[in-house]
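See structure below.
The values are calculated or read from the model by the stated rules, or taken from the named source; none is laboratory data. Quick caveat, the model's predicted, so the values are computed rather than measured. Here the Cβ positions follow ideal geometry from the backbone for every residue, glycine too, while neighbour counts run over all protein chains shown.
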Amino acid sequence: MILYTIVVITTVFAALFAVSRPQMMSGATGRSFASDRRGIGPSRQQLLNRICVSFIFVSLFLLCALRIEVGNDYITYVQNAHEIYVGGVVVTEIGYNLVVKALFMLSGYENYLLVFAFFGFVTIFVFLRSMYDQSDMFAMSFALFMALGIYFRSFSTVRYYFALALSLYSIRHIIKKQYIRFVLVIVFAALFHKSVLAVIPLYLICSLNWKKWFYPLMAAGAAGLYILKDQVMDVALRLYPSYKDTIYLTQDVGLRESIPSLLRCGLVLILAAVCYKEAVRDNKENRMYMNMTILSVALYIGGSFIPMVSRFGYYLITPQILLIPGIYTRIKDEKKKKYVLHAVIAASVLYYIYFLYTASKPGIAVLPYRSWLFNELEWNNVEEMLIYNRR
């Protein structure tokens, strides 16, 4: 817990000195990105950006790569990687399987640590690149990324969070109306977690300028989803046969597990409503992110019976780390802007405390943190557990 908090504080502090690409393009720092390209070399701000972002990346990567037995699915991933290597039956996607085989072949043995390090590297890189290129305020987006536990949760579902990072990255292509590129990015992400295919219709719907008649239609769709839950579950199990006869289908899912996400969505929608005219109505990006939040509420409520509904919901609520800075930077009243900043900081700190409270519970299990560095005993425990489970 202390280690995580130190990493959050130091990396967020470094992010405060970095200026996102949209700000540099607009010349917000006194010298535009375009003008820098005509000069002899990078500006001071560009050099500072590289230093700060590199420090953030290395800090997050090392914490991720040096972990062992941290994350709810850690042992499951190790066992699955073994089955991939020996040609066993697995339910993971072909892209993930090929990467595991390639890394094991390069290592000459079943190097599970390298697999986790590789996916940690690419996932963190894509997330940081998305925030730096797409956020109106990199520091705020990154602070939300850490405070909301998005980074730490990536320790558990490795494949999913890589796909989630790519889905966030793909939004740039929708904004630019590069729909073929958007689809190609999502199809590539589906090679690692096929649930990401759902964002193709969801993101395209959210990119539209919704009319008033769409809201009752969406509410009716959410109600219909719940009414036809048996048929929906039948389709879901056809798409995800690995969930058949598992504990996920016997658990009482309900709305209880989605309450934190719904509360978060409620606060974001209040902010969007208060600043709608000046920051959302005429801004395509912010309007799209707000639509995603509204659609996620309908999904969480109407699809509350679906096991792991949060996996689909996260595709819609993760872009809030872009929406909140997008709203904040467009507020013209300095007093109002100050209140919004204080509210965002307070809510983020409270959410981070809540995350730490739940971080050791089943389903997340990213606490306590363990590292294989200078500790062979931890690695031996994993090996013994694997041998026992294979009997």
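Scanning the range 58-72 for residues that are within 21 Å of residue 125 (Cβ to Cβ) and under 19 Å from the mean Cα position of the chain (by Cα) gives 58, 59, 60, 61, 62, 63, 64, 65, 70, 71.
Filter the range 65-84 down to the residues that are free of Cβ contacts under 8 Å to residues at least 40 places away in the same chain and surrounded by fewer than 18 Cβ atoms within 10 Å (Cβ to Cβ) and list them by number. The answer is 76, 83. Restricting 124, 51, 75, 40 to residues that are of a type outside the set (D, E, K, R) and at pLDDT 95 or above narrows the list to 124. Does residue 129 satisfy the criteria of being at pLDDT 95 or above, of a type in the set (D, E, K, R), in a helix (DSSP H, G or I) and in contact with a Ser or Thr (Cβ under 9 Å, 6 or more places away or on another chain)? Criteria not met by residue 129.
Out of 323, 341, 299, one residue alone is under 30 Å from residue 226 (Cα atoms), in a helix (DSSP H, G or I), hydrophobic (A, V, I, L, M, F, W, C) and at pLDDT 95 or above. It is 323.
In the range 96-108, the qualifying residues are those that are surrounded by fewer than 18 Cβ atoms within 10 Å (Cβ to Cβ) and not charged (D, E, K, R), and the one that is nearest to residue 157 (Cα to Cα) is 98. When residue 319 is tested against (1) surrounded by fewer than 22 Cβ atoms within 10 Å (Cβ to Cβ); (2) under 19 Å from residue 196 (Cα atoms), just one condition goes unmet, and that condition is (1). When you scan the range 75-88, do you find a residue that is in a helix (DSSP H, G or I), small (Gly, Ala, Ser) and more than 15 Å from residue 159 (Cα to Cα), even just one? The answer is no; no qualifying residue exists.
Spot the failing condition for residue 156; the list is (1) in a loop (DSSP other than H, G, I, E, B); (2) more than 21 Å from the chain's Cα centre (by Cα); (3) closer than 27 Å to residue 75 by Cα, and only one is missed. Condition (2) is where residue 156 drops out. I'd like to know if the range 255-265 contains one or more residues that are within 23 Å of the chain's Cα centre (by Cα), surrounded by fewer than 15 Cβ atoms within 10 Å (Cβ to Cβ), modelled with pLDDT under 95 and outside any helix (DSSP H, G or I). Yes, the conditions are met somewhere in the range 255-265. Here residue 217 does not fit the description of being aliphatic (A, V, I, L, M) and surrounded by 13 or more Cβ atoms within 10 Å (Cβ to Cβ). Of a type in the set (D, E, K, R), under 17 Å from the mean Cα position of the chain (by Cα) and closer than 19 Å to residue 285 by Cα: is that true of residue 181 in this structure? Considered against the rule, which asks whether it is of a type in the set (D, E, K, R), under 17 Å from the mean Cα position of the chain (by Cα) and closer than 19 Å to residue 285 by Cα, residue 181 comes out as no. The C-beta contact set for the range 1-18 (first residue under 14 Å from residue 355 (Cβ atoms), second residue of a type in the set (A, V, I, L, M), distance under 6 angstrom, 6+ apart or interchain) comprises 1/356; 7/63; 8/146. In the range 134-152, the residues that are touching a residue at least 24 places away in the same chain (Cβ under 8 Å) and surrounded by fewer than 24 Cβ atoms within 10 Å (Cβ to Cβ) reach residues that are of a type in the set (A, V, I, L, M, F, W, C) and not in a helix (DSSP H, G or I) with C-beta atoms within less than 6 angstrom, at least six apart or across chains, in these pairs: 139/16. In the set (1) assigned to a helix (DSSP H, G or I); (2) among the basic types (Lys, Arg); (3) touching a residue at least 40 places away in the same chain (Cβ under 8 Å), residue 332 fails one condition alone, (1). In this entry, residue 222 passes the filter for residues that are modelled with pLDDT under 90, of a type in the set (Gly, Ala, Ser) and part of a helix (DSSP H, G or I).
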